[in-house]
Amino acid sequence: MAPRAVDTKHARPKLGINSPYNQNMTNFCGQGAVTHSQKHPSTSTTTYREILQVDTGHLNITSVYKQPATPFTWKHTCHNADKASLYIGDFNSHSTTWGYNETNTDGEAVEAFAAVKDLRLLYDAKDPTSFQSARWRRGYNPDLAFISSKHYRYIEKSMGNPIPKTQHQTILIDVRPVIRPQKPQQRPRFNFRKANWEGFMSDIEQVIHSINPTPEEYDNFPTLVWKAARNNILRGCMKTYIPGLAEPN
């Protein structure tokens, strides 16, 4: 395996991550791949891109950074196809698929990469842009997120607050459970068992004589009944608890 070269002019900040668990991770270096077990995420830095890859047991996460002037290529081995795989990072590629006015060569390469890996892009045109350029005074989307197609419906992406001292926005990835609790519609109902029927009849009899039997005053009778019911019949919603998953906090 060839020694890896480090670009000191475009070096990314050191991650400094110390994971408390022991997972199987892949360390990419040059064109080779070495799988081993260690207590911290694996990193790979070359002159043109940086890769951080973590296997959490249920989700494979790959963080990618590509310098703007470097062509996008992907010659590394893939994750287990049966496990959910998330690719997220600064791809520095243009495509109309994620909000640019044109598609450049890198954008075509990223789209081809996603097609080969059977990935779906997590993108909504209504979301804020992931990068606010102070120089050009407009927003761009160099930061992308892809998820394996079979797990697309269980993943949601949203934008958070700006990252301090940068022009990037925080990207939030929410993994939804397969079975999710549903909020039922609140439909108030009358409790006729606890109704005050004597008071109900009394309220109607006191006012019904003032309603003339004409079509113009027909709507006054239902209004009278509803008013008497609200004053004498309890009305509300009763919760029925079904065993299942609790709502997330």
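The values are calculated or read from the model by the stated rules, or taken from the named source; none is laboratory data. Here the structure is a predicted model, which means the values were calculated and not measured. When we count neighbours, we look across all protein chains shown, and the Cβ atoms used for this are built from the backbone with ideal geometry, even at glycine.
The table below gives the values:
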quantity: Strands (runs of 3 or more DSSP E) (entirely within the range 55-133) containing at least 3 residues that are of a type in the set (S, T, Y) and closer than 18 Å to E156 by Cβ; calculated: none
quantity: Single residue of I204, I163 found to be among the aliphatic types (A, V, I, L, M) and over 23 Å from the mean Cα position of the chain (by Cα); calculated: I204
quantity: Residues of the range 169-197 classified as part of a strand (DSSP E or B) and touching a residue at least 60 places away in the same chain (Cβ under 8 Å), total; calculated: 3
quantity: Criterion (under 30 Å from E102 (Cβ atoms) and surrounded by fewer than 14 Cβ atoms within 10 Å (Cβ to Cβ)) met by exactly one of R230, R138; calculated: R138
quantity: Subset of the range 114-149 [in contact with a helix residue (DSSP H, G or I) (Cβ under 7 Å, 6 or more places away or on another chain) and at pLDDT below 90]; calculated: N141
quantity: Qualifying position, being buried (at least 16 other Cβ atoms within 10 Å of the Cβ) and of a type in the set (S, T, Y), among T166, T129; calculated: T129
quantity: Failed criterion for D143 (all others in (1) touching a strand residue (DSSP E or B) at 6+ places or on another chain (Cβ under 7 Å); (2) charged (D, E, K, R); (3) not assigned by TED's automatic domain parsing to the domain that holds F72 hold); calculated: (3)
quantity: Residue within the range 178-196 that is within 30 Å of D90 (Cα to Cα) and either surrounded by 10 or more Cβ atoms within 10 Å (Cβ to Cβ) or within 27 Å of the chain's Cα centre (by Cα) (or both) present; calculated: yes
quantity: Residue in the range 140-162 that is free of Cβ contacts under 8 Å to residues at least 12 places away in the same chain, in a loop (DSSP other than H, G, I, E, B) and farther than 19 Å from L59 by Cα present; calculated: no
